[in-house]
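For reference, the structure is listed below as structure tokens.
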Amino acid sequence: MKHKITDIQSLLEKFDTSGPRYTSYPTAPQFHTDVTHNDWNRAFQKSNQSNTNISLYLHIPFCQSLCFFCGCNMQITRNQALVENYLSHLFLEVEMIAEKLESNRTVTQIHFGGGTPNFLNPTQIISLGEKINSLFSISKEVEFSCEIDPRTLTITHAEALVNIGVNRISIGIQDFDEKVQKRVNRINSFSKVEEIQTWFKSLGINKFNFDLIYGLPLQNVKSFSKTLNKVIELNPSRIASYNFAYLPWIKPHHKLIKENELPSATTKIKLLELIIQTLSQNGYTYIGMDHFAKNDDELIIAQQNGTLQRNFQGYSTQKNTDLFAFGVSSISSFGNAFFQNYKEISTYTSILQTNFLPIEKGYISNIDDILIQNIISSLMCDLEIDFQQFSQKHKIDFINIFENELSTLASIFEEDNLIKITSQKLIINEIGRLFLRNIVMVFDRYIKKDNSIYSKTI
């Protein structure tokens with residue numbers, strides 16, 4: 001059964017609510033400060049015994065200027081002394097973890113995020129890369145990605161990134177429309193992005209992710225259509241198109257955006273329809289939520305092979321890896337536990353100076369949490385759950401235990417053909433990929449009626 005455009009509009013309006021992005025389960029609001037270093041040690045020992053592959057995330061929180069829409073943990077600065085001090089402590093944290101890891105564990109994924117990783121100068125980038133490469137066993141097939149701000153990247157930055165092994169570049173585009181860019185304080189030209197791609201391609205990198213945001217001030221269907229056409233011309237292998245979460249009560253700088261200039265709910269729905277239709281008609285497959293990829297991209301292959309996962313960087317190709325994250329606010333996930341670092345640089349560095357890890361809070365998952373986590377992961381990545389296989393794997397009777405949830409899903413989503421429930425499977429239909437967050441929320445044991453801390457699900 002195909003949905004008409006008018007049907008999709010009514011569905012988007014019907015399920016217009018707020019909820020978690022499920023980059024973890026339980027989600028970050030459930031993290032608490034009662035976790036201890038003994039909890040960390042137990043989880044780490046379990047991780048080492050598992051001998052699973054490793055993903056590394058390093059957070060560079062610095063930016064030269066403020067993007068009004070930003071939701072990241074970042075600091076605006078030009079103070080190189082502050083940056084050098086942060087890097088020295090980041091190196092210390094990396095060393096503290098690396099020396100505890102079993103020597104036979106392999107790093108298969110590395111990601112630099114921020115802030116702005118290319119805020120670092122080329123010499124600092126080289127130092128960071130050399131530190132990682134010297135301390136960890138890096139796979140020859142490692143996926144090594146880095147987020148960049150095209151406004152401040154130079155050819156020398158590009159050469160430094162390639163020199164340390166980066167092989168995938170994620171570029172924050174957001175929107176090419178100049179009026180929109182001025183309203184959010186991020187002037188970002190098409191010609192500059194095109195030039196940057198040329199630099200990296202000449203250095204042997206052909207894998208690009210582009211980030212877009214819909215729901216920014218002054219955006220409309222006509223203007224964003226031009227942005228999409230320019231993006232398609234640049235032909236990245238992956239595109240993430242995020243819904244702008246306007247949260248001035250959480251992010252005070254969002255108040256710099258005039259609320260009356262934000263697109264209406266109706267316009268945002270039309271923008272989302274435009275994104276899905278335009279990208280689908282130009283060689284991109286809709287993975288789910290806000291991610292699209294070319295048919296030969298590793299994300300599509302991972303989804304087909306059942307190795308796709310979600311983590312704190314979104315969709316990832318490396319299922320069943322342990323994530324060790326470094327830097328302020330970063331979140332590690334290993335041994336059935338989550339640990340988040342302090343968000344303030346001063347606290348982060350002062351604790352490292354005492355030879356303790358800078359853990360502010362975290363969560364130790366119980367058996368029920370792990371079960372729900374696997375359900376959510378299966379639906380968001382594999383787009384289905386095979387009841388018998390899932391029951392055998394977890395030694396449960398899925399249909400019996402989740403009878404109420406299946407009944408709720410059937411009454412809310414099946415009648416709109418967003419899902420299909422048979423005696424063997426729960427399947428997310430094609431249009432249901434738009435509503436993944438709404439669907440998996442049915443299984444969430446912690447979701448509260450007040451969802452104001454979350455972004456819109458669509």
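Counting only strands (runs of 3 or more DSSP E) wholly contained in the range 160-252, the ones carrying 1 or more residues that are farther than 27 Å from I125 by Cα, of a type in the set (G, A, S) and touching a helix residue (DSSP H, G or I) at 6+ places or on another chain (Cβ under 7 Å) occupy 238-243.
Got at least one residue in the range 408-421 being assigned to a helix (DSSP H, G or I) and in contact (Cβ under 8 Å) with a residue 40 or more places away in the chain? Break it down into steps so the answer makes sense when it comes.
Of the range 408-421, the ones assigned to a helix (DSSP H, G or I) are 408-412, 414-416.
Still in the running and in contact (Cβ under 8 Å) with a residue 40 or more places away in the chain: 416.
For the range 408-421, residues assigned to a helix (DSSP H, G or I) and in contact (Cβ under 8 Å) with a residue 40 or more places away in the chain: present.
Of the residues making up the range 283-290, one or more are in a strand (DSSP E or B), within 17 Å of E430 (Cα to Cα), in the same structural domain as N243 (by TED's automatic domain parsing) and touching a Ser or Thr at 6+ places or on another chain (Cβ under 8 Å).
Going through (1) buried (at least 17 other Cβ atoms within 10 Å of the Cβ); (2) closer than 26 Å to S10 by Cα; (3) of a type outside the set (A, V, I, L, M) one by one, Q277 falls short only on (1). Being assigned by TED's automatic domain parsing to the domain that holds T285, of a type in the set (S, T, Y) and touching a strand residue (DSSP E or B) at 6+ places or on another chain (Cβ under 7 Å), is that true of even one residue in the range 342-354? Yes, that holds for at least one residue. Evaluate the following for D34: is it outside any helix (DSSP H, G or I) and either outside the structural domain of F338 (by TED's automatic domain parsing) or at positive phi (or both)? Taking the combined requirement at face value, the residue does not satisfy it.
For every residue, the table says whether it meets (1) over 28 Å from F136 (Cα atoms); (2) touching a strand residue (DSSP E or B) at 6+ places or on another chain (Cβ under 8 Å); (3) surrounded by fewer than 18 Cβ atoms within 10 Å (Cβ to Cβ).
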| residue | (1), (2), (3) |
| --- | --- |
| I54 | no, yes, no |
| Y57 | no, yes, no |
| R78 | yes, no, yes |
| S88 | no, no, yes |
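Among the residues in the range 345-353, are any crowded, with 17+ Cβ neighbours inside 10 Å and free of Cβ contacts under 8 Å to residues at least 40 places away in the same chain? Yes, the conditions are met somewhere in the range 345-353.
Quickly run through the range 196-228 and pick out the residues that are without any contact (Cβ under 8 Å) to a residue 40 or more places away in the chain and either among the β-branched types (V, I, T) or farther than 27 Å from T317 by Cα (or both). Passing the criteria: T198, K222.
The values are calculated or read from the model by the stated rules, or taken from the named source; none is laboratory data. This is a predicted model, so every value here is computed, not measured. Heads up, the Cβs are rebuilt from the backbone with ideal geometry, glycines too, and the neighbour counts pull from every protein chain shown.
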